[in-house]
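Notes follow the structure.
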Amino acid sequence: MGSLKSEDEFEVIGEECKEPILYVNGIRRLLPDGLAHLTLLEYLRDIGLTGTKLGCGEGGCGACTVMVSYFDKKMKKCVHCAINACLAPLYSVEGMHVITVEGVGNRRHGLHPVQESLARSHGSQCGFCTPGFVMSVYALLRSSETPPSEEQIEESLAGNLCRCTGYRPIVDAFQVFAKTNDTVYTDRFSLSLQGGEFICPSTGNPCSCGSKTVSDKDASKQSMACSDKYRPLSHSDIDGSMYTDKELIFPPELLLRNLTYLNLSGSGGLKWYRPLKLQHVLELKSKHPDAKLIIGNSEVGIEMRLKRIQYKVLISVTHVPELNILSMKDDGLEIGAAVRLSELSKFFRKVTAERAAYETSSCKAFIEQIKWFAGTQIKNVASVGGNICTASPISDLNPLWMAAGAKFRIIDCKGNIRTTLAENFFLGYRKVDLASGEILLSIFLPWTRPFEYVKEFKQAHRRDDDIAIVNAGMRVHLEENGEKWVVSDASIVYGGVAPLSLFASNTKDFLIGKSWNQELLQGALKVLEKDISLKENAPGGMVEFRKSLTLSFFFKFFLWVSHQMDGNKSFTQRVPLSHLSAVQTFHRPSVIGSQDYEIRKHGTAVGAPEIHLSSRLQVTGEAEYTDDTPMPPNGLHAALVLSRKPHARILSIDDSGAKSSPGFAGLFLAKDIPGDNHIGPVIADEELFASEFVTCVGQIIGVVVADTHENAKLAAGKVHVEYEELPAILSIQDALKSNSFHPNTERCLRKGDVELFFHTGQYDKIIEGEVQVGGQEHFYLEPQGSLVWTTDGGNEVHMISSTQAPQKHQKYVSHVLNLPMSKVVCKTKRIGGGFGGKETRSAVIAAVASVPSYLLNRPVKITLDRDIDMMISGQRHSFLGKYKVGFTNDGKVLALDLEIYNNAGNSLDLSHSILERAMFHSDNVYEIPNIRIRGLVCFTNFPSHTAFRGFGGPQGMLIAENWIQRVATELKKSPEEIREINFQSEGSVLHYGQQLQHCTLARLWNELKSSCNLLKAREEVDQFNLHNRWKKRGIAMIPTKFGISFTTKFLNQAGALVQVYTDGTVLVTHGGVEMGQGLHTKVAQIAASSFNIPLSSVFISETSTDKVPNASPTAASASSDMYGAAVLDACEQIKARMEPITSRHNFSSFAELANACYMERIDLSAHGFYITPDIGFDWETGKGEPFRYFTYGAAFAEVEIDTLTGDFHTRTANIFLDLGYSLNPAIDVGQVEGAFIQGLGWVALEELKWGDAAHKWIPPGCLYTCGPGSYKIPSYE
């Protein structure tokens, strides 16, 4: 057991020696020495608690959320809070109680109401993020003395990301715990324990108040009906709020236990100290001047993990009383440097309630800024001092400390204290006024004076949990001077415009002594422009936008102060009513969603809105994903050796550093591959391991295996590659200039005669233009991963993979190992999201891991870190469209000439098929007599881009909607009018020869138009815009048509295996993969209805290449059609065999029938097969029927934008889709909502930043946005 202190320290510390312990889910665990390098997440997963997931490793996604509880002796109560386990050092929770999702509830002993509500509300799709959401809300409920408000519940979710659901069902599930909720529960959403007992939401105990049945009509409205909200059974200061009698209590031992000084170690010579007194901190700092003081580890953890910075000594100062001071004084507030941001926010709220309003202007600004600072998990651990001393140039709080006139108290190792103004503390990029022996002790924040105003500003890509693009803190003190109000003091400070928080000193000098009026405003803006200087290639880019934000913030500040002063005598600078929208604080509107669909049940299950079959496993953390699979004995972990150049010749590879690295077991390069190094889903145009040339940053050169994941990464980083750099192509424009295209990818589709049309001038107007459509990261929550092992001495290879295409894994691995496919098996139980990103690129990862596994005859697991995954696995294709459109004065489009290019990256992958689908969808829903569409696939020096939801279709449609909008602008008509007069209809012949049948577009469009009352909505928007100068609203209605089928004909086939057992249960295996889209649930519903048995009698375990061979990828929105039909085929075969027995006897149950058939030696297993009929396309003629049918959709949205900052939010969205008769309408609604939010992210929020001509501050070919810190997908808000 590790010592708590060395002998020479014992006298100094003078504290009782105890073993380091931790309680996990009520179980006491000793913490041995030597684990200081571990995070809490790594420890939990190592002891088998895999419900807590690794999504990003930087505290940005919330998948790793757990609850920690500790006894605060000062407050004499327990504190329960949610934290990110991926950032928390293991020893930081010593002496605490950690509850993971497994400790909340499970299927065997009963689900907790939080879990049950989420499962019942369809709030879990792929399920990978689900445990994190459960734990965030669970921690909130346990820590709340009374039921939380809706706003508190929503704020608790700010640190959790979901890529599947669109958040609405998650919020619905948790709002039933809010104190304002008064909806009624029915048994449809009742809480039930094993055995089907109804659990009363009011008492948490079994009762009969929810026994009322619900009609399908009522059920279809999807309202969360409940007779009461959930109320806790009890609350105590120790255990918090308890919702069931099975809640884990706070361990009594920890109540009696005093914290002790810790002196522990970790790998690589890492030392971990936990002093309990300031004097001990100063002594340690004196002894270790380079030691890092940590509290939340939200910065140091990322530096050590992601930036590979090695710190040898870490001092945890969380429990030092002198650093945790929070006190009110006559002249202001004293705030200890170790105070957590969540505690600081509570303290500020208390202060503002108790003190005079004029004194707390600074406090209010901090409350608002902290609100949007980060997710709850980060704010629960991140400290004031840590944020200050990190000195980030985009710190949200440092500009406010500076503007508010805060003073920092600094103490040295000898106990000497000095004070410095916050504005003088920041010296340069991440440099502060601290000597090596000094630490920040506390912050003094003075009260504001009468007529002194402090205001915060921040603009980020996303409001919740995002780093700022630009932020600011501003303060002004006005004094009455005769008939004028004059500036007596001011501070204007910006973040995000310089290497440090920047004090606009010239602007301050200009302001002082001047009257607060329009003349001051105009003059200050001119001075500010010169005061804040941003160079064209400034890191972070967006230079013009950032410059405009500095001016907009000051303008908003001027209006806000003027508004605050309104009503004071002699103050004449009134703010016009139309300008008030510029100063109104953003208030998060509650998300309200309603779903309306028809239920058409067929048999026992088809058509019913059943919950996802795995939902109860997912909400309890019991659902297993690839990385949750226990590592077999003798297993190794793999890490990739990647190219650091976009285009270069490999001159040499030096592995000497790797070989001496701890735990190293081997490095494997191109020369080591037993089979063929060339791979590819369509053509083999890429190398598994680069042999002579690299053609992108992130190309795989080799793979290192070692005893742990961290050791493998460490060794891979020590492989040194020498390059000879070559010219790189880094954009579609570069490719066009250099004529850089993938071979044989030119495509053309024609209808009518475009050239003749434009030549003869049969049009009133022509427009020409270009559309650049950006890419998008998949951001599935579960990273790419595979576990590969051999059996029979390497005669067979097996793998468990996170993939949409197990057959591709089987094919790639057999190819690179030179094995027959019959000796390679790939299994996939479920994956944590795919969206196309795991269709082909995942197979590369599996093939890489298979090489060392096969050659060493040892199991190898590879799980990509989020930054590596994003860098190497490809994204949605960016496109360039060049169009020429001829149309009449009425708006009828007569001709479209379109050139379309996509950025494939350095290999073809699926880019050709993606281009083809974009060309198929380039008309969207519009009847155009003359069309010519030409397409080419560009070769660039980026990682190969790949499939993504829509597969090129959305890009083609977006280009079409761009020129539709331009036609409307040209003719001064509404875009909706232009759309309507150009709609296709029943019998329309498309530009590739297919005739539309069952076209419901016009009916669907008119229903949507009626439901959202388009004319009234437009009138209301116009009125709002008339009365608001700085905020504007806009509305739009967009139609879509999407073809269903793989455009490559042979992929439209599906197989399934159905097995009936003598107890009447059915096991179904098919070739499709469950990735959250509910495929297994729908297929099971089909089997249940076919056999006329309950859905609970049907089970689907996994997808496996040794059960169903040659399966197509789960993609193209075709899987439920194809695999459902294949399963139905197998079921019908079995029923036909059963028919003679059925006709002779009357069986009381399916089990009796199955057993009777078995006794008669009837085969109860069948292989089903399905091919999509009547499809095919010939690119030689450019004609055919590539799609079996089309789905039609239309959406209406209203958006509000702040014209000063670009800040926006979607006020409302209505979506109508015609999907035929749904197999499961609840699951389909979930898919629609999730896809809408993902699409919203693509067009309005998410931005990939590569090192190219537009981002010269990024190294060429490198991806800057490679994690949730820099790449923002939509959050709940």
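Of note:
- Checked against the criterion of being open to solvent by less than 90 Å² (accessible area, probe 1.4 Å), out of contact with any helix residue (DSSP H, G or I) (no Cβ under 9 Å at 6 or more places or on another chain) and farther than 30 Å from residue 975 by Cβ, segment 1166-1180 contains one or more residues that satisfy it.
- Looking at 615, 552, 562, just one residue is touching a His at 6+ places or on another chain (Cβ under 8 Å), open to solvent by less than 60 Å² (accessible area, probe 1.4 Å), among the small types (Gly, Ala, Ser) and modelled with pLDDT of 90 or more, and that residue is 615.
- Within segment 922-940, one or more residues are farther than 22 Å from residue 957 by Cβ, in contact (Cβ under 8 Å) with a residue 60 or more places away in the chain and surrounded by 23 or more Cβ atoms within 10 Å (Cβ to Cβ).
- Qualifying residue in segment 861-881 (condition: among the charged types (D, E, K, R) and over 25 Å from residue 640 (Cβ atoms)): no
- Here 443, 467, 492, 439 are screened, and the one residue that is of a type in the set (Val, Ile, Thr), open to solvent by 10 Å² or more (accessible area, probe 1.4 Å), touching a residue at least 40 places away in the same chain (Cβ under 8 Å) and out of contact with any Asp or Glu (no Cβ under 7 Å at 6 or more places or on another chain) is 467.
- Matching entry among 519, 479 (being over 41 Å from the mean Cα position of the chain (by Cα) and either of a type in the set (A, V, I, L, M, F, W, C) or part of a strand (DSSP E or B) (or both)): 479
- When every residue of segment 755-777 is checked against the conditions, at least one turns out to be part of a loop (DSSP other than H, G, I, E, B) and at pLDDT below 95.
- Inside segment 522-549, residues that are surrounded by fewer than 20 Cβ atoms within 10 Å (Cβ to Cβ), of a type in the set (A, V, I, L, M) and within 29 Å of the chain's Cα centre (by Cα) make up a count of 3.
- Single residue of segment 280-308 satisfying the filter (open to solvent by 60 Å² or more (accessible area, probe 1.4 Å) and free of Cβ contacts under 8 Å to residues at least 12 places away in the same chain) that is farthest from residue 1270 (Cα to Cα): 287
- Enumeration of residues in segment 255-276 that are under 28 Å from residue 239 (Cα atoms) and buried (at least 17 other Cβ atoms within 10 Å of the Cβ): 259, 260, 261, 262, 274, 275, 276
- Taking segment 804-856 as the range and being out of contact with any helix residue (DSSP H, G or I) (no Cβ under 8 Å at 6 or more places or on another chain), under 16 Å from residue 1102 (Cβ atoms), open to solvent by less than 10 Å² (accessible area, probe 1.4 Å) and not basic (Lys, Arg) as the test, the residues that pass are 806, 832, 834.
- Members of segment 394-413 that are in contact (Cβ under 8 Å) with a residue 60 or more places away in the chain and either part of a loop (DSSP other than H, G, I, E, B) or of a type in the set (S, T, N, Q) (or both): 394, 395, 396, 398, 404, 405, 413
- When the test is whether a residue is open to solvent by 40 Å² or more (accessible area, probe 1.4 Å), at pLDDT 95 or above and in a helix (DSSP H, G or I), residue 979 does not pass it.
- Residue count, segment 330-347 (criterion: touching a residue at least 40 places away in the same chain (Cβ under 8 Å) and either under 16 Å from residue 408 (Cβ atoms) or of a type outside the set (A, V, I, L, M, F, W, C) (or both)): 12
- Scanning segment 148-174 for residues that are among the charged types (D, E, K, R) and open to solvent by 20 Å² or more (accessible area, probe 1.4 Å) yields 150, 151, 155, 168, 172.
- The residues on offer are 961, 1007, and the sole one that is within 36 Å of the chain's Cα centre (by Cα), crowded, with 18+ Cβ neighbours inside 10 Å and assigned to a helix (DSSP H, G or I) is 961.
- Entirely in segment 33-99, the strands (runs of 3 or more DSSP E) that have 1 or more residues that are closer than 28 Å to residue 464 by Cα and open to solvent by 10 Å² or more (accessible area, probe 1.4 Å): 65-72, 77-84
- Test: residue in segment 123-138 that is among the hydroxyl-bearing types (Ser, Thr, Tyr), open to solvent by 10 Å² or more (accessible area, probe 1.4 Å), under 30 Å from residue 1082 (Cβ atoms) and in a loop (DSSP other than H, G, I, E, B): no
- Counting only strands (runs of 3 or more DSSP E) that sit completely within segment 1033-1104, those holding 3 or more residues that are in contact (Cβ under 8 Å) with a residue 60 or more places away in the chain and aliphatic (A, V, I, L, M) correspond to 1053-1060.
- Residue in segment 354-370 that is buried (at least 22 other Cβ atoms within 10 Å of the Cβ) and of a type in the set (Lys, Arg) present: no
- Checked against the criteria, residue 745 does not count as modelled with pLDDT of 95 or more, closer than 22 Å to residue 842 by Cα and of a type in the set (Ser, Thr, Tyr).
- Restricted to strands (runs of 3 or more DSSP E) entirely inside segment 1138-1208, those with at least 1 residues that are within 30 Å of residue 1237 (Cβ to Cβ) are 1189-1202.
- Qualifying residue in segment 479-488 (condition: of a type in the set (Ser, Thr, Tyr), within 16 Å of residue 336 (Cα to Cα), out of contact with any Pro (no Cβ under 6 Å at 6 or more places or on another chain) and open to solvent by 20 Å² or more (accessible area, probe 1.4 Å)): no
- Note on segment 730-754: among residues that are in a loop (DSSP other than H, G, I, E, B), touching a residue at least 24 places away in the same chain (Cβ under 8 Å) and not small (Gly, Ala, Ser), the one that is nearest to residue 932 (Cα to Cα) is 753.
- Any chance residue 999 is open to solvent by less than 60 Å² (accessible area, probe 1.4 Å) and either over 34 Å from the mean Cα position of the chain (by Cα) or of a type outside the set (A, V, I, L, M, F, W, C) (or both): yes
- The set of residues in segment 921-935 that are in contact with a helix residue (DSSP H, G or I) (Cβ under 8 Å, 6 or more places away or on another chain), more than 14 Å from residue 981 (Cα to Cα) and in a strand (DSSP E or B) comprises 930, 931, 932, 933, 935.
- For residue 449: the one exception among (1) farther than 30 Å from residue 62 by Cα; (2) open to solvent by 20 Å² or more (accessible area, probe 1.4 Å); (3) outside any loop (DSSP other than H, G, I, E, B): (3)
The values are calculated or read from the model by the stated rules, or taken from the named source; none is laboratory data. The model shown is predicted, which means the values in this text are computed figures rather than measured ones. Note that each Cβ is placed from the backbone with ideal geometry, even for glycine, and that neighbours are counted across all protein chains shown. Please note that ligands, DNA and RNA were not included when accessible areas were found on the heavy atoms of the full protein model with its side chains. Shrake-Rupley method; radii C 1.70, N 1.55, O 1.52, S 1.80 Å.
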